[in-house]
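The values are calculated or read from the model by the stated rules, or taken from the named source; none is laboratory data. Quick caveat, the model's predicted, so the values are computed rather than measured. Note that we place each Cβ from the backbone using ideal geometry, even for glycine, and neighbour counts take in every protein chain shown. All accessible areas refer to the heavy atoms of the entire protein, side chains included, with ligands and DNA or RNA removed. Shrake-Rupley method; radii C 1.70, N 1.55, O 1.52, S 1.80 Å.
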Amino acid sequence: MKVFEVSSTDFLEDKRLINNALAEMASQFGLSNDFVFGEPTSRFGWTFFRLWIKPNLQDAISKKFDDMIKRYKGKPEEKFTFFIADYFASKGCKTKVKIVDF
């Protein structure tokens, strides 16, 4: 299971947008609730929280968007992280995403 740390300056809005984006993505694959949000902590005007993407959803995303993911630079887990960050941004999120466990 991939674990990401998400940084946001507008936690409630970004969490809503991420939830909607991942739920929409999961429904395309016949999956539901294949992601989990951790408890938020705030520092210096930013809110940080963990996001777990379960293997079924991660595998489905990787297969469907393989062409796009391959274009990113870095190791496979970095490529997936860059893709997810860009996907969230395309849905209106103003977040930073980094992988913390893979």
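Within the same chain, lysines fewer than 8 places from Lys73 are excluded, and of the rest, those with a Cα less than 19 Å from its Cα are Lys2, Lys63, Lys64, Lys96, Lys98.
Which percent of the accessible area of the chain is formed by carbon and sulfur heavy atoms (probe 1.4 angstrom)?
Details: 3120 of 6110 Å².
Taking all protein chains in place, the chain shows 51 percent carbon and sulfur surface.
Among the chymotrypsin sites (Phe, Trp or Tyr not before Pro) in region 67-101, those located in a DSSP loop and surrounded by at most 16 other Cβ atoms within 10 Å of their own Cβ are Tyr72.
Evaluated at q = 0.11, 0.20, 0.22 Å⁻¹, the base-10 log of the normalised Debye intensity for the chain, with identical point scatterers placed on the Cα atoms, takes the values -0.30, -1.02, -1.24.
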